[in-house]
Amino acid sequence: MSTLSTASGQARRGRNSKPDPRSRATFPNGFLWGTATSSYQIEGAVNEDGRGPSIWDSFAHTPGKISDRSSGDTATDHYHRYKEDIQLMKALGTRAYRFSIAWPRVFPEGTGAANPKGLDFYNRLVDELLANGIQPFATLYHWDLPQTMQDRFGGWTSRDTPKAFADYAAHVTSRLSDRVRHFFTINECSRHVYLGHREGADAPGLKLSPAGVNQVRHHIALGHGMAVQAIRTSARAGTKVGPAENAVSCIPAVETPENIRAAEIAMRELNAGYLTVMMEGKYTEAFLAQAGKDAPKFTAEDLRIISAPVDFVGLNVYTPDHYVLAADNERGFALAPFPASFPRMKAGWLRPGPEVIYWVPRHVAGLWNVKSIYITENGTSGSDQPAPDGNVYDTDRIMYLRNYLTQLQRATSQGVPVSGYFLWSLMDNFEWGDGFEQRFGVYHVDFDTGRRTPKLSASFYRETIARNAVA
Ligand code: PNW
């Protein structure tokens, strides 16, 4: 540690010296810094080594679904460039990497015969990560369901899919858990349900009835729980597992004890179909009352499975969903509407609200006594055009990250048990329905040549990691 970052260093500085702007507020020792990606968004090689089609291949190739008519066919070609990409991680100083495993590479038909060449890719990836001192954190499902699961069973509308997912999870973890010690089950159940099965804006592009949506939500939560159970019996002892959820985020509008309590109540209620049922093993009364005749059909056994104990909770944190006020109503809270003037990042849905990364982990730890939390995603898109000198001066991303990480440090300094942070994303990639039009990377990718170039935010992140304090 440099003398400048200690109190005695401060005292030793001469009368005329200016204050050192570098933060003295460090993250805990051993705090894990990483980056995150997902299979369909980066891998490409969709027809290679026996991979089967996924619902995202079908969706991306349906005219009108992707804004720039692109697809993940090639994406960033990570399947072939993974060694180069691991060097990019190393250059940042990250010691962890969250990636996802493509189910249709491992089981091209979703169930039945495994395709060993599919898992081979992840074996190579994991070995290369470990050889470079980077801990692998694997997500088992980041929305790329084998297309045959959709065709044969109706995907997550059927109870066959959670069962098949658990079998796939057992297969993968029994083979990787000698080296991969942390697994995430399902990435963002909430978005998969909402955009994939209600709004039709993500694969599989369904617009189900409210009852249909509630049933899908229940099956996805069940898939999470069945996978946790399968991992407990199939993976090496001590393997850690948890969800990676984009919780509906609730921030006290003004930090009074009453509003803080109201935000916590709102957090529990508005996540009733996801984290709340996973952590408590029951749907809240308000959730069931509101769903009425459209409530999901479930058994007591389902709820027991959904709430199988987890080792940590992963949280994808981007944007505040609600600023909350205490209210004298039945629910005990009121949601403030967003004013039209609230700022936005390049992605229109992304309203910067740095305090969200303080409050969400704090609520999760407080509500459910969670002992370990990972920020499994946080980041922003930007226009990210190279300047004439070839550099990408993404000061908007630096502004965003600096403010969020300051709030995250506020959380860890108060004992909120956040063990690590995965920046979304290592590099620009296929941003789902927005194609290549939303760039989230700290490395710029030229999608014609595949060339990767560090943006200015890569320097910011490297400096932050090196100091273990916001740069
Ligand atoms: C996440 N929202 O999606 C996904 O896990 C990533 O695959 C994705 O690339 C990344 O965030 C950036 O979009 C989200 O509207 C998309 O609140 C939208 C929202 C949240 C998460």
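The values are calculated or read from the model by the stated rules, or taken from the named source; none is laboratory data. Bear in mind that the values here come from a model prediction, so they are computed numbers and not experimental data. Note that we place each Cβ from the backbone using ideal geometry, even for glycine, and neighbour counts take in every protein chain shown. Side chains are part of the model used for accessible areas, which takes the heavy atoms of the whole protein and leaves out ligands, DNA and RNA. Shrake-Rupley method; radii C 1.70, N 1.55, O 1.52, S 1.80 Å.
Numerical summary
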{"read-out": "Conditions (1) closer than 24 Å to Arg232 by Cβ; (2) open to solvent by less than 10 Å² (accessible area, probe 1.4 Å); (3) touching a helix residue (DSSP H, G or I) at 6+ places or on another chain (Cβ under 9 Å); (4) not β-branched (Val, Ile, Thr); number of the one not met by Gly155", "value": "(1)"}
{"read-out": "Residue within segment 401-412 that is small (Gly, Ala, Ser) and either within 16 Å of the ligand (Cβ to nearest atom) or in contact (Cβ under 8 Å) with a residue 60 or more places away in the chain (or both) present", "value": "no"}
{"read-out": "Residue check for Met279: of a type in the set (A, V, I, L, M, F, W, C), within 18 Å of Phe153 (Cβ to Cβ) and open to solvent by 10 Å² or more (accessible area, probe 1.4 Å)", "value": "no"}
{"read-out": "Unmet criterion (only one of (1) open to solvent by less than 10 Å² (accessible area, probe 1.4 Å); (2) not in a helix (DSSP H, G or I)) for Asp302", "value": "(2)"}
{"read-out": "Selection status of Thr380, within 15 Å of Ser425 (Cβ to Cβ) and in a loop (DSSP other than H, G, I, E, B)", "value": "yes"}
{"read-out": "Filter pass, Ser425 being touching a residue at least 60 places away in the same chain (Cβ under 8 Å) and surrounded by fewer than 18 Cβ atoms within 10 Å (Cβ to Cβ)", "value": "no"}
{"read-out": "Selection count where residues are aliphatic (A, V, I, L, M), farther than 16 Å from Met399 by Cα and assigned to a loop (DSSP other than H, G, I, E, B), scope segment 318-364", "value": "2"}
{"read-out": "Helices (runs of 4 or more DSSP H) completely within segment 26-95 that count 2 or more residues being away from the ligand (no atom under 16 Å from the Cβ) and surrounded by fewer than 17 Cβ atoms within 10 Å (Cβ to Cβ)", "value": "78-92"}
{"read-out": "Given (1) within 29 Å of Val370 (Cβ to Cβ); (2) open to solvent by 30 Å² or more (accessible area, probe 1.4 Å), index of the condition Leu401 fails", "value": "(2)"}
{"read-out": "Within segment 180-232, tally of residues that are polar (S, T, N, Q), surrounded by fewer than 23 Cβ atoms within 10 Å (Cβ to Cβ) and within 16 Å of the ligand (Cβ to nearest atom)", "value": "1"}
{"read-out": "Filter result for Leu315 (in a strand (DSSP E or B) and either more than 16 Å from the ligand (Cβ to nearest atom) or open to solvent by 20 Å² or more (accessible area, probe 1.4 Å) (or both))", "value": "no"}
{"read-out": "Close pairs from segment 156-168: first among the polar types (S, T, N, Q), partner open to solvent by less than 10 Å² (accessible area, probe 1.4 Å) and not in a helix (DSSP H, G or I), Cβ under 9 Å, at least 6 apart", "value": "Thr161/Gly110; Thr161/Leu145"}
{"read-out": "The listed residue being within 28 Å of Gly212 (Cα to Cα) and either away from the ligand (no atom under 16 Å from the Cβ) or modelled with pLDDT under 95 (or both), out of Pro339, Pro296, Pro320", "value": "Pro296"}
{"read-out": "Conditions (1) in contact (Cβ under 8 Å) with a residue 24 or more places away in the chain; (2) open to solvent by 10 Å² or more (accessible area, probe 1.4 Å); (3) in a loop (DSSP other than H, G, I, E, B): number failed by Ser419", "value": "(3)"}
{"read-out": "Positions within segment 348-377 being within 15 Å of Thr319 (Cα to Cα), open to solvent by less than 10 Å² (accessible area, probe 1.4 Å) and in contact with a helix residue (DSSP H, G or I) (Cβ under 6 Å, 6 or more places away or on another chain), in sequence order", "value": "Ile357, Tyr358, Pro361"}
{"read-out": "Test for Val126: is it touching a Phe, Trp or Tyr at 6+ places or on another chain (Cβ under 8 Å) and of a type in the set (A, V, I, L, M)", "value": "no"}
